[in-house]
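Structure record follows, encoded as structure tokens.
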Amino acid sequence: MDKNASLKANKNLQTSPEAPFTTFIQLDGKSAVPSQFRTPGTFTITRLQSPAGLPDRITKLSPVPALLVSISLKSLPPSSYQVWTADKLMATSNVHPFRSNVIDFDSQPRCWAGSAFDYVHYSVPRKGLDDIADDLGFGRVSDYRLAVLEDDLVVAQITKSILPFLGRSDALSVLALDQLSLVLGAHLLQRYGVLQKTARHSKGGGLAPWQKRRVSELLHENMHGRIRLSDIARECGLSVSHFARSFKTSFGTSTHQWLTHHRIENAKQLMSQTSLSLIDIAIQSGFNDQAAFTHRFNQLVGVSPGRWRRHYMTGHSRT
């Protein structure tokens, strides 16, 4: 099980105990499976795999009002899949890859899979959804539409984008998870929310100059991404979703993407100006280890850090 919850806070800004995290649980035929699965009261992503299915149904519970968003990664026949809400067995058909369920935890959802399965589950607190609704100018969200095996392209695409990071050393940081919760939350609100009135347009525009300076300072001081999006928004006097939109307007990208590119530029500077080893450069640039650094560098630059460094040093030795 890989749980990205053991994040240490820096001296200036404490990472709250409600920080989001991801978990990758791989069951085998001998794994003990509890009859109840309790999620924490924060945004979480859990990937659950089993080669043998479940011996009995599982009840999923949350300590806070929240939505359960589940998405299949592989097919299941109707005879091997059942889901209940409020003790009512829902009608289901073949489970196709990347079909989604959206169920309120208040209905105490239960599920059973009788053969091999692979699922990603999102726990999305209603408090965060209410904050997004308020910032977007929606009226009160009284309820969310129940969806079972829905073909939701947005949830599918979000899930495909994060799958490579679940269970890996270069897992998503809390900053990235905060950003992801906003994107998913806004989609859930607009597609599944039962709204009391039509949305009004919220205020647009980017960050003020002083806000841009403060944001840059905070992100430079927290290169590992352990700072919460809510901490940065608070420093700017904005709500989280308002800040996220304003940041993208000002910088042309999300906070997580901005920080990732800054890490790479910092690593390039260290490789070109120092004789530090690649592992030391990786750590100083905010990566968990050299493997994570190499993967992301190659992904964004197109070559490995070692090759980039050799090419840089060769080019400068000729001049």
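A short reminder: the numbers here are calculations on the coordinates, not readings from a lab. From a predicted model like this one, the values you see are computed outputs, not experimental measurements. As a convention, Cβ positions derive from the backbone with ideal geometry for all residues, glycine included, and neighbour counts pool all protein chains shown.
Here are a few things to note about the model shown:
- ALA291 versus ALA32: modelled label distance in nm, points set 7 Å from Cα along the beta carbon direction: 3.0 nm
- Each stretch of four or more DSSP H residues adds -39500 (n - 2.57); spread over every residue of the chain, this sum gives -12000 deg cm²/dmol at 222 nm.
- Taking N as its residue count, the alpha carbon Rg of the stretch 209-256 over 2.2 N^0.38 Å: 1.00
- Gyration tensor verdict on the stretch 212-308 (Cα atoms; rounded if a/c is under 1.5, prolate if a/b is larger than b/c, oblate otherwise): prolate
- Convex hull volume of the stretch 21-160 per residue (C-alpha atoms, cubic angstrom): 111 Å³
- Rh (Kirkwood; distinct C-alpha pairs) - the stretch 260-317, Å: 11.1 Å
- Positive minus negative residues near TRP84 (Lys, Arg vs Asp, Glu; Cβ under 12 Å): +3
- Over 29 Å (Cα to Cα) - which of LYS160/LYS248; LYS248/LYS268; LYS88/LYS160; LYS30/LYS74; LYS30/LYS60; LYS127/LYS248 fall in this group: LYS88/LYS160
- In percent, rounded to a whole number, the relative contact order of the chain is 15, using alpha-carbon pairs under 8 Å and six or more apart.
- Under the Debye formula (equal points on every Cα, no solvent term), log10 I(q)/I(0) of the chain at q = 0.08, 0.14 Å⁻¹: -0.43, -1.14
- Two-site label geometry, THR59 and ALA91: point separation in nm, points 7 Å out along Cα→Cβ: 2.7 nm
- Mean separation of Cα contacts under 8 Å (6+ apart) over length of the stretch 206-319, as relative contact order %: 20 percent
- Taking a ≥ b ≥ c as the square roots of the eigenvalues of the Cα gyration tensor, an a/c ratio of 1.5 or more together with a/b no larger than b/c marks the stretch 120-250 as oblate.
- The slack in the chain from GLN269 to ALA208, taken as 0.36 nm per residue of separation less the alpha-carbon distance, amounts to 19.1 nm.
- Qualifying trypsin sites (Lys or Arg not before Pro) for the stretch 210-319 [loop in DSSP, other Cβ within 10 Å: at most 12]: ARG318
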